[in-house]
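Before any comments, here is the structure.
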Amino acid sequence: MKFVEAAYIPDNDRATLCVSSQVGCKMGCLFCMTGKQGFQGNLSAGEIVNQLRSIPEWHNISNIVYMGMGEPFDNLENVLQSLDILTSEWGMAMSPRRITVSTIGVIPAMREFLEKSQCHLAVSLHTPFDDERRSLMPIQNVYPIEEVVKEIRKFDFSGQRRVSFEYIMFDGVNDSPQHVKEMARLLNGLQCRVNLIRFHSIPASPLKGSPDERIFEFRDSLTSKGIFTTIRASRGQDIQAACGLLSTKEIQKNKGIS
Ligand code: SF4
């Protein structure tokens, strides 16, 4: 049996659904439970959309983020088809401005997505330094973040379409003033925002989340350098709803490990 996760995140005036695009993932990011499961398969466009239709609250959902299990641009065809179903008049007629697709930076597929879709883009950045990013995210060996940002600069984000950079804060790893300086250089002049994310510890990993005061300082320093920066509200920590944790629990239950 295979498991995928979809997380329903209600907020004051909006309700967001976080959907998966694959079962497991090939990308092996150090901080991710889904990566530790390995790759078990792509989801079809129907299976992606079905995550929305399967939850009782689906009528309330105002926003969708492709930030669950898997790398959406490693399953581009099905992801684009699912976006078509969600945004077309003949489908669910959602505004593309209410949908964000997240990637670790698979450049060719990202380019195709930016050409074919009007949905927002989120890029998992996590550190601006080459060596450090390589140790956190093997994709850096193939598509360095510098090249990813260069590609993004070719597209217009001055209108309603948005590009954001996701930055998980790891204690003593990527939360120093040097990181702020390098981020400012990397993103200089690009119309974008940075979302800082508190890290949910995962089993058997030495990585820990940065303390709140350092996250606030980091936000303030980036803001003072002209980069619009927010701290993502953290929900679901108590039910282990970080990417891959719930499904790993289910897999273990199924195998009789608990
Ligand atoms: S963070 Fe995303 S791309 Fe990296 S292993 Fe996890 S699911 Fe895959």
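The values are calculated or read from the model by the stated rules, or taken from the named source; none is laboratory data. Quick caveat: nothing in here was measured; it's all calculated off a predicted structure. Note that each Cβ is placed from the backbone with ideal geometry, even for glycine, and that neighbours are counted across all protein chains shown. Heads up: the accessible areas ignore ligands, DNA and RNA and are worked out on the full protein's heavy atoms, side chains in. Shrake-Rupley method; radii C 1.70, N 1.55, O 1.52, S 1.80 Å.
Normalising the Debye intensity of the chain to I(0), with uniform scatterers on Cα atoms only, and taking log10 at q = 0.10, 0.17, 0.18 Å⁻¹ returns -0.47, -1.50, -1.68.
Within the range 37-61, list the residues whose amide N lies under 15 Å from a label point set 7 Å along Cα→Cβ of residue 85. Counting only backbone N, you get 42-55. Here the chain is assigned +1 on the Cβ of each Lys and Arg and -1 on the Cβ of each Asp and Glu. Its dipole about the Cα centre then comes out at about 80 debye. Using Cα springs under 10 Å in a Gaussian network model of the chain, which residue among 113, 228, 170 shows the largest mean-square fluctuation? Among 113, 228, 170, the largest GNM mean-square fluctuation belongs to 228.
Let's see if you can work this out: charge +1 on each Lys and Arg Cβ, -1 on each Asp and Glu Cβ, no other charges. What is the dipole magnitude of the range 81-129 about its Cα centre, in debye to the nearest 20?
On the way: 4 positive and 4 negative charges, 30 e Å.
In total the dipole reaches around 140 debye.
So what J values fall out for the range 25-35 if you push phi through Karplus, 6.51 cos²θ - 1.76 cosθ + 1.60 with θ = phi - 60°, rounded to Hz, Gly and Pro as x? Once θ is set to phi - 60°, the couplings for the range 25-35 become 6, 8, 7, x, 5, 4, 9, 10, 5, 4, x Hz.
For residue 94, the residues 5 or more places off, or on other chains, whose built amide H falls under 5 Å of its own are 87, 88.
Taken about its Cα centre, the range 51-186 carries a charge dipole of about 420 debye when Lys and Arg each add +1 at the Cβ and Asp and Glu each add -1 at the Cβ. Taking a straight Cα-Cα cut-off under 15 Å and skipping sequence neighbours fewer than 8 places away in the same chain, the aspartates and glutamates within cross-link reach of residue 2 are 47, 250.
For the range 135-214, with all protein chains present and a 1.4 Å probe, just round the carbon and sulfur fraction of the accessible area to a whole percent. Result for the range 135-214: 49 percent of the exposed heavy-atom area is carbon or sulfur. With point charges of +1 on the Cβ of Lys and Arg and -1 on the Cβ of Asp and Glu, referenced to the Cα centre of the range 83-235, which listed residue (127, 172, 100) lies farthest in the positive direction of the dipole? Checked the options; the winner is 100. Accessible surface calculations at 1.4 Å, restricted to protein heavy atoms, place the chain at 48 Å² per residue. At q = 0.16, 0.21 Å⁻¹, what is the log10 ratio I(q)/I(0) for the range 75-178, with the Debye formula run over Cα points and no solvent? Each listed q maps to, in turn, -0.75, -1.10.
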